Amino acid sequence: MKAIDSHYDAVIIGSGFGGSINALRLAEAGKSVLVLERGKQYQAGEFPRDVTDTEKLFWRYPKKKQSQGLYKLDFFSGIGVVTASGVGGGSLVYANIHIRPDPSVFEDQKWPAPINRQYLEPYYDKVASMLGISPVPAEFKMPKRDIYRNAAEKTGHHIFDPDQAVTWKAPGNPEFGVCKKVAECEFGCQYGAKHTMDLTYLAKAQQLGAQVESGINITHISKDEKGYRVHYIDLSNDQKGSVTGTKIVLSAGTLGTNKILFESRDSVKTLPGISSKLGYGFSGNGDFLGSIQNSQHKLEPWNGPDVTSVIRYFEDKPGFTMAAPTFNQPVMAFLASLGQGKGWLPEFLAARIWRKLDSALYWAFSKGFMSKPSRFPGPNAGDPERMTNLFAIGQDNANGRILLEGNDIDIKWNYAKENKVLIKKMTEAMEEVAEVYGGTVSPLQSWHVFKRILTVHPLGGCNLSDTAETGVVSPQGEVHGYPGLFVADGSVIPTSIGFHPVMTISAVSEHIAEAVVNSYTN
């Protein structure tokens, strides 16, 4: 069994942005802190690169117990979601992007007072200082950035190079490596150049005495005379255990946090009073993927970080932003070979196949079909050096609903019907940019075939709210009806952001951490 004591001042579930931030602030306050993470600890150089080794690449536990890898793929009824497992959470594989969204994002009435852009400003400052963020240096020579900037200027839209949590060049911060410009940010940085949460907030929390245990899968939470009891399975030996905390901070990511609360409320019924609004208000943050193939320009897509620049389309609502992420040479060669087909399936068939895509993809990865260019290139397949991905992030209507069905969650949402205007605007923006490139353009093939999006930015389901009738947690992140039980991750965000959401998730988590610390004296 892990070296877990029986009781702590605070037990934190999850080690991503929300969990790591709360761990540090509680450790700074002198509290005994335990952080529980289901994924493994990764060091620079240990991230999986053999895509045929699916047990190291994907998280499929408990369906396949030995498969405890970095990425988790979920194809729910209404949407697909990609998440990560590991000490550091999503920070291990995100694109490093930190943007403070427009004040208008917080004008939606779903955001409770006092939270708005002005209120969050000092918390944004805290995050920026801790993570040492800065944009890609202007002197870096990257054709993919130059051509993308040219497209924005010719189409009349504002483009900027966002701050990123990366050490760009030596001499930099001696605690980190230096960016090698190999476009592998979203695969786990092998060079330690990313300022991930395990190397920043969490490392400082550990220096102050916080304990971090990996390989711990949380099943549910119950009330206890000492506060709350966290029930878990130790994945090293499949043994059940539990630990108590005076305060609990649930930061298991949007999907993980919702699932734990659903299990606690509905399956084992240890927290039966959780709001009936649990699971409502899910957002994919408007993530919409596409690509440009056959550009007239050589882009050198594998030169630089994944993302260099972001175009802003917030002249009217629904607003959105768009980046042009690219990856290393083997991945771009594979993606380019897929082409840009426009297949289509009737909804009854699309729904059935969509739900089984994860199994099909695991099989394709294990057999090596995803490790090299396709032997049968698709329509518009071309030179990978002349390809870029396009990634629009927008203000969807945040009307998805997470449900517990059997032993797992599902997400219901007629995304295509409810977000027609946003999708049309994003598609037109991609076509406009592609015209400058002189290439072919298309949304991701899965959109054509299944009319469902794939998001890497799941939000909501445990929304911040003034009352239990309108959401799950208070404006301070405390679960309505359960004093001392807090939530701090993307699940509390009540709307889509329309920008990369990490900076806002982190700022809100700093705000919640402050409330958790103060709750010991209230």
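The values are calculated or read from the model by the stated rules, or taken from the named source; none is laboratory data. This structure is a prediction, so every number in the text was calculated from the model and none was measured. When we count neighbours, we look across all protein chains shown, and the Cβ atoms used for this are built from the backbone with ideal geometry, even at glycine. What goes into the accessible areas is simple: the full protein's heavy atoms, side chains included, and nothing from ligands, DNA or RNA. Shrake-Rupley method; radii C 1.70, N 1.55, O 1.52, S 1.80 Å.
Taking θ as phi - 60° and the Karplus parameters 6.51, -1.76 and 1.60, the scalar couplings of segment 189-200 work out to 6, 6, 10, x, 7, 7, 8, 6, 5, 5, 9, 10 Hz in sequence order, x denoting glycine and proline. Evaluated at q = 0.11, 0.15, 0.18, 0.20 Å⁻¹, the base-10 log of the normalised Debye intensity for segment 27-152, with identical point scatterers placed on the Cα atoms, takes the values -0.70, -1.15, -1.22, -1.20. Around the amide H of Val182, modelled in the peptide plane, lie the amide H atoms of Gly304, all under 5 Å away and 5 or more residues distant in sequence or on another chain. In this structure, the pairs whose alpha-carbon distance is over 27 Å, taken from Lys223/Lys356; Lys64/Lys110; Lys342/Lys425; Lys180/Lys356, are Lys223/Lys356; Lys64/Lys110; Lys180/Lys356. Between segment 92-138 and segment 154-169, the C-alpha centres lie 15 angstrom from each other. Here the label points at Arg401 and Glu428, each 7 Å from Cα along the C-beta direction, are separated by 3.2 nm in the simple model.
The residues packed around Asn294, meaning those with a beta-carbon under 10 Å from its beta-carbon, carry a net charge of 0 if Lys and Arg are +1 and Asp and Glu are -1.
Placing unit charges on each Cβ (+1 for Lys and Arg, -1 for Asp and Glu) gives the chain a dipole about its Cα centre, and among Leu338, Thr427, Gln43 the Cα reaching farthest toward its positive end belongs to Leu338. From most to least packed by mean Cβ count within 10 Å, the peptides 333-345, 448-460, 14-26, 487-499 give 14-26, 487-499, 448-460, 333-345. May I ask you to give the average projected area over all directions of the convex hull of the Cα atoms of segment 261-322, in nm² rounded to one decimal? Average of the hull's projected areas for segment 261-322 equals 8.4 nm². Shape analysis of segment 392-464 yields a ratio of the Cα radius of gyration to the Kirkwood radius, Rg/Rh, of 1.05. Solvent-accessible area of the chain (1.4 angstrom probe, protein heavy atoms only): carbon and sulfur portion equals 52 percent. Across segment 34-40, rounded Karplus estimates of 3J(HN,Hα) from the backbone phi angles (6.51 cos²θ - 1.76 cosθ + 1.60, θ = phi - 60°) give 10, 10, 10, 9, 6, x, 8 Hz, Gly and Pro being marked x.
Working note: 222 nm ellipticity from helices only, DSSP H runs with n ≥ 4, each -39,500 (n - 2.57), summed and divided by the residues of the chain, gives -7500 deg cm²/dmol to the nearest 500. Cross-link partners of Lys420 among aspartates and glutamates, defined as those whose alpha carbon lies under 20 angstrom from its own and excluding same-chain residues fewer than eight positions apart: Asp108, Asp287, Glu315, Asp316, Glu347, Asp396, Glu428, Glu431, Glu432. How far apart, in nm, are two points set 7 Å out from the Cα along the Cα-to-Cβ line at Lys65 and at Phe140? Here the modelled spin labels are 4.4 nm apart.
Reported to the nearest whole Å, the Cα centre-to-centre distance from segment 254-314 to segment 371-435 is 12. Cross-linked pairs Lys144/Lys181; Lys63/Lys247; Lys240/Lys269; Lys126/Lys317; Lys31/Lys247: Cα-Cα separations exceed 21 Å for Lys63/Lys247; Lys126/Lys317. Beta bridges assigned by DSSP with both partners in the chain are antiparallel in approximately 70 percent of cases. Here segment 96-146 is assigned +1 on the Cβ of each Lys and Arg and -1 on the Cβ of each Asp and Glu. Its dipole about the Cα centre then comes out at about 200 debye. Pairs exceeding a 21 Å alpha-carbon distance, out of Lys40/Lys72; Lys259/Lys412; Lys298/Lys424: Lys298/Lys424. Using a 7 Å offset from Cα along Cα-Cβ at Phe160, what residues in segment 293-337 end up with backbone N under 12 Å from the label point? Of the residues in segment 293-337, 310-314 have backbone N under 12 Å from the label point off Phe160.
Annotation: per residue accessible area for the chain equals 39 Å², rounded to a whole number [probe 1.4 Å, protein chains only].
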